[in-house]
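Working notes for the structure below.
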Amino acid sequence: MRMYRVTTAIAAVCALSLISACKETTTGPGAVTCVASDPVCPDGTLNLGFTGATGAPTIVPGTAGTTFSQSGSAYVLTGTTSATTFGYWLLVTNDVLSSWGVLTVSGGVYSAEIPLFCGAQRIYLTFNSAAGRSYYAFDMNRTGCAGHAAFRVQLTWGSVTSDLDLHLLRPSGIWRSGNDCYFGNCTSGLTWGSSSPILDVDDVSYYGPENIYLASGAEPGDYRVIIHNWSGTTGETATVRIYLNDVEVRRYTSSPLNGTTALYWEVAKVNILTGAVTAVGAYTGSAPTTLGVAPPAWVPIAK
């Protein structure tokens, strides 16, 4: 697996307190850098294929192998397991746990859709039981794309009963328009001048993650990151991670959301060209205005 260590850069970001609850793991050669809120931090020394203690959940991928290559932006996987509860997929790039998500289990079958970075990455599937934790590790190479994503924003939340939505507004863009990348228009991508933002998935039944990528062609000005508490769940909290060139530069966790005064959370403004990230932290009960322009009337969209 082609890996480039960036732990020094991550440590510098942590030292500047740009990411809350930073920690570096020291799991041995090939150590993977994680942060405290990641659900599992894989040991970078694990062999490819299956690793697990006696009695730990089995993991049998639907497609056998430990090295894969594809040009698509998402890897759809399925397989069987003896686990009776959900597990996680963990995606590692540059020795950093870059993204993760839930492996759903139904009738002994697990499945997930994993958004991929350009180039080489290692993916770990993991389940846990009273007998211990098991892993299945494999390498994935995404081809046919140019370099790493210049910008990525990721949303996760805490309850499977909640449905939160991630929005990225283009500079001067208006909420719920063609200049707002969200579930209603962006899962197949949009064209914003020379850039093509894309939302990987509209997660309606688990904890996320939802990711919006913008690989190149960023415009001058501030992109706006906004979270909508679609389900109106009271007390739900969201976590947003912002990445520039595959390095996490900011992490924000919301105050408890609700269906009245905190239905929307404007997280931050991001100038991708300069790398400037400005926290906003505004909570409202109505769709946010854009540069003083009132948003269109809110009309429910079926999911």
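Can you confirm whether GLY62 is free of Cβ contacts under 8 Å to residues at least 40 places away in the same chain and on the phi > 0 side of the Ramachandran plot?
On the way: free of Cβ contacts under 8 Å to residues at least 40 places away in the same chain: yes; on the phi > 0 side of the Ramachandran plot: no.
Considered against the rule, which asks whether it is free of Cβ contacts under 8 Å to residues at least 40 places away in the same chain and on the phi > 0 side of the Ramachandran plot, GLY62 comes out as no.
Return yes when LEU116 is buried (at least 21 other Cβ atoms within 10 Å of the Cβ) and modelled with pLDDT under 95 and no when it is not.
Working: buried (at least 21 other Cβ atoms within 10 Å of the Cβ): yes; modelled with pLDDT under 95: yes.
Taking the combined requirement at face value, the residue satisfies it.
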**OP:** Among residues belonging to the range 85-102 that are in contact with a Gly (Cβ under 9 Å, 6 or more places away or on another chain) and in contact (Cβ under 8 Å) with a residue 40 or more places away in the chain, point out the one that is nearest to ALA56 (Cα to Cα).
**Re:** TYR88
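What strands (runs of 3 or more DSSP E) lie completely within the range 66-124 and have 2 or more residues being more than 20 Å from VAL40 (Cα to Cα) and in the same structural domain as GLY55 (by TED's automatic domain parsing)? Reasoning before the result, please.
Working: elements: 67-70, 74-81, 87-93, 96-106, 109-115.
The qualifying strands (runs of 3 or more DSSP E) are 67-70, 74-81.
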Original post:
Given the structure, is VAL249 modelled with pLDDT under 90, within 30 Å of GLY119 (Cβ to Cβ) and not charged (D, E, K, R)?
Top reply: yes
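So that you can scan it fast, the table gives a plain yes or no per residue for (1) among the small types (Gly, Ala, Ser); (2) in the same structural domain as PHE117 (by TED's automatic domain parsing); (3) in contact (Cβ under 8 Å) with a residue 60 or more places away in the chain:
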{"site": "LEU155", "(1), (2), (3)": "no, no, yes"}
{"site": "GLY158", "(1), (2), (3)": "yes, no, yes"}
{"site": "ASP163", "(1), (2), (3)": "no, no, yes"}
{"site": "CYS181", "(1), (2), (3)": "no, no, no"}
{"site": "ILE226", "(1), (2), (3)": "no, no, yes"}
{"site": "ASN229", "(1), (2), (3)": "no, no, yes"}
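Over 15 Å from the mean Cα position of the chain (by Cα), more than 20 Å from ALA120 (Cα to Cα) and at pLDDT 90 or above: does that describe ASN179?
Working: over 15 Å from the mean Cα position of the chain (by Cα): yes; more than 20 Å from ALA120 (Cα to Cα): yes; at pLDDT 90 or above: yes.
Spelling it out, ASN179 is indeed over 15 Å from the mean Cα position of the chain (by Cα), more than 20 Å from ALA120 (Cα to Cα) and at pLDDT 90 or above.
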**OP:** For residues that are within 19 Å of ALA64 (Cα to Cα) and part of a loop (DSSP other than H, G, I, E, B), tally how many sit in the range 125-147.
**Re:** 0
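When you go through GLY221, GLY208 one by one, which is the residue that is at pLDDT 90 or above and either part of a loop (DSSP other than H, G, I, E, B) or surrounded by 19 or more Cβ atoms within 10 Å (Cβ to Cβ) (or both)?
On the way: GLY208 fails: at pLDDT 90 or above.
Exactly one residue qualifies, and that residue is GLY221.
The values are calculated or read from the model by the stated rules, or taken from the named source; none is laboratory data. These numbers come from a predicted model, not from an experiment. Neighbour counts are summed over all protein chains in view; Cβ atoms, including those assigned to glycine, are modelled from backbone coordinates with ideal geometry.
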